[in-house]
Amino acid sequence: MGIFAGFANNENADGIIAQFMVGAKDMLPAALVVGLAGGIIQILQAGHIIDPILHGLASLMGSAGKVVSISSMYFIQTVINIIIPSGSAKAALTMPIMAPFSDVIGISRQATVLAFQFGDGFTNMITPTSGVLMGALGLARIPYELWVKFFFKILLFFILVGLLLLIPTVLIPLHGF
């Protein structure tokens, strides 16, 4: 479609390739993280490392209770999102561990995915590695430090509301996948 759009815009082949390279440059970091995460998961599974990790986490968190476990999953996802702003890269890295972990401790996968979504979404508004945020702040001529100072209390409120919304997902039986 990109090639046809380029020709429809009267671009020559060099111009189409240059535009493709600009777009690929933006996608390359996320693609590398997704690829590396997939490789890490393969190594963990082939080396029979993931099962002892899950067993250790389950024995540690299983006795803590479902509310503490889902809260921990939520906060882990929130912290990881600050480092890895790409949702697909973070999902490739964390969900192969979080999904079986939730199965072992008796938390529904819906609750696990919701913890992922909340952890992925709220911190996007202060993540300094987010190109969209930094671009928007640059266009609006708002310094990052001023934005964080303004938004931090709102972010804490969102995180608290997210945590409160997660609690019913482990207390009410959810049937599905």
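Numbers at a glance
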read-out	value
FRET E, pair residue 156, residue 72, Förster distance 22 Å, beta-carbon r, rounded to 0.05	0.75
Label-to-label distance, nm, for residues given as residue 149 and residue 129 (7 Å Cα→Cβ offset)	2.6
Principal-axis tilt of helix 144-171 within the chain, Cα atoms, nearest 10 degrees	40
Estimated [θ] at 222 nm from DSSP helical runs (n ≥ 4, -39500 (n - 2.57)) normalised by residues in the chain, nearest 500	-27000 deg cm²/dmol
Cβ-defined net charge surrounding residue 31, 15 Å radius [Lys, Arg +1; Asp, Glu -1]	+1
Within region 48-143, trypsin sites (Lys or Arg not before Pro) in DSSP loop having at most 16 other beta-carbon neighbours inside 10 Å	141
Crossing angle, helix 66-83 versus the chain [Cα axis fit, 0-90 degrees, rounded to tens]	20
Relative contact order, percent, the chain [alpha-carbon distance under 8 Å, six or more residues apart]	24
Part-to-part distance (alpha-carbon centres) for region 126-177 and region 1-21, which is given in Å	37
Between 0 and 90°, nearest 10: helix 13-46 axis offset from the chain longest Cα axis	20
The chain - accessible surface per residue (Å², probe 1.4 Å)	62
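The values are calculated or read from the model by the stated rules, or taken from the named source; none is laboratory data. All values derive from a computational prediction rather than experimental measurement. Positions of Cβ are backbone-derived with ideal geometry, glycine not excepted, and every protein chain shown enters the neighbour counts. These accessible areas exclude ligands, DNA and RNA; they are computed on the full protein's heavy atoms, side chains included. Shrake-Rupley method; radii C 1.70, N 1.55, O 1.52, S 1.80 Å.
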